[in-house]
Amino acid sequence: MAGTELTSAEYIKHHLTNLTFGNHPEHGWMLAHSAQEATEMGFWAIHVDTVLWSIGLATFFSFYFLKAAQKATAGVPTGLQNFVELLVDFVNDSVRGSFSGRNDLVAPLALTIFCWVFLMNLMDLVPVDLVPWLFSLAGVHYMKIVPTTDPNTTFALALGVFALIIFYSIRIKGVGGFVGELTGMPFQTDNMLLKPFTTLVNLVLEGVNLLAKPISLSLRLFGNMYAGEMIFILIALMYGGGWLIGIFGGALQFVWAVFHILVITLQAFIFMTLTIVYLDMAHAEHH
């Protein structure tokens, strides 16, 4: 594919383009047949592959965890039950170490985030040409199978966490307490002339700090996974350079895949841990 049908630049662009559905200014509602058509569809276009793979992996995760829960036994556990219990214990330990409040939602949320993000990241280990080639046989032009290489996915996850931060900040501290937290620190004064100035400065500083949370969450995950996918694509280009370079590319791809397993797991863990920490901060009352 890289060496015969497409130039290197076209190959890279093809693999980084989502299967997009939207309202094209000239052709109406349709699946985009090129990156240019996808761009012309505007902001409200849908990345079909991102949505389908995200939902599919969430369904896969939910199905097997539900299956483990239904077949759980106090006797000799099955391999699936052992695996699920290991994950649950791991997440519980993380929550106990980072969350000081009391909230029954945090541990299930952390477990869901870790498993879902890990599975979406794990798709990066599938050979870059395999799935797009299979879908091309059915006439599908584009197919990106790693949802976390799409900023729409990572920003959606981060905004969900951000909504929970705001919700629990107001629920625990009240509207006045939440606003006071944004305007009353870090600078404090009893001077009524300086009070408006310090309030404004505090609001700017704390507002930036608050908004930085979802942005950092989303961009960290997206940047690492996008870079990993790009490296796999660049290595795949080597297969079109002759058998000797192809063998070297295969060895290089194996080494990068082994290393990338660490990146995949670490990014899921970081997203989960930061979610727990941010929710802990939302539950903490400042006096």
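Annotations for the structure displayed:
- Pair list, Cβ < 7 Å and 6+ apart or interchain, from segment 89-115 residues that are in contact (Cβ under 8 Å) with a residue 60 or more places away in the chain to residues that are outside any helix (DSSP H, G or I): VAL106/PHE99
- Output for segment 76-122, where each listed residue is surrounded by 20 or more Cβ atoms within 10 Å (Cβ to Cβ) and over 22 Å from GLY160 (Cα atoms): VAL84
- Condition broken by ILE233, with the remaining ones in (1) without any contact (Cβ under 8 Å) to a residue 40 or more places away in the chain; (2) closer than 21 Å to ILE12 by Cα; (3) among the β-branched types (Val, Ile, Thr) satisfied: (1)
- Screening ASN152, ASN209 for residues that are in contact with a strand residue (DSSP E or B) (Cβ under 9 Å, 6 or more places away or on another chain) and either among the aromatic types (Phe, Trp, Tyr) or part of a helix (DSSP H, G or I) (or both) leaves exactly one candidate, ASN152.
- Flag if ASN224 is closer than 30 Å to TYR278 by Cα, in contact (Cβ under 8 Å) with a residue 12 or more places away in the chain, touching a Gly at 6+ places or on another chain (Cβ under 9 Å) and in a helix (DSSP H, G or I): no
- Members of segment 168-193 that are surrounded by 12 or more Cβ atoms within 10 Å (Cβ to Cβ) and either in a loop (DSSP other than H, G, I, E, B) or in contact with a Gly (Cβ under 7 Å, 6 or more places away or on another chain) (or both): LEU182, GLY184, MET185, PHE187
- Screening the candidates PHE222, PHE271 for the property of being closer than 14 Å to VAL161 by Cβ, of a type outside the set (Val, Ile, Thr), buried (at least 16 other Cβ atoms within 10 Å of the Cβ) and modelled with pLDDT of 95 or more yields one hit, PHE271.
- Going through (1) exposed (fewer than 15 other Cβ atoms within 10 Å of the Cβ); (2) in contact with a Phe, Trp or Tyr (Cβ under 7 Å, 6 or more places away or on another chain); (3) closer than 20 Å to ALA107 by Cα one by one, ALA69 falls short only on (2).
- Residue that is surrounded by the fewest Cβ atoms within 10 Å (Cβ to Cβ), among those in segment 11-53 that are touching a Phe, Trp or Tyr at 6+ places or on another chain (Cβ under 8 Å) and hydroxyl-bearing (Ser, Thr, Tyr): THR17
The values are calculated or read from the model by the stated rules, or taken from the named source; none is laboratory data. In this text, all values refer to a predicted model and were calculated from it rather than measured experimentally. For neighbour counting, all protein chains shown are included, and Cβ atoms are generated from backbone atoms with ideal geometry for every residue, glycine included.
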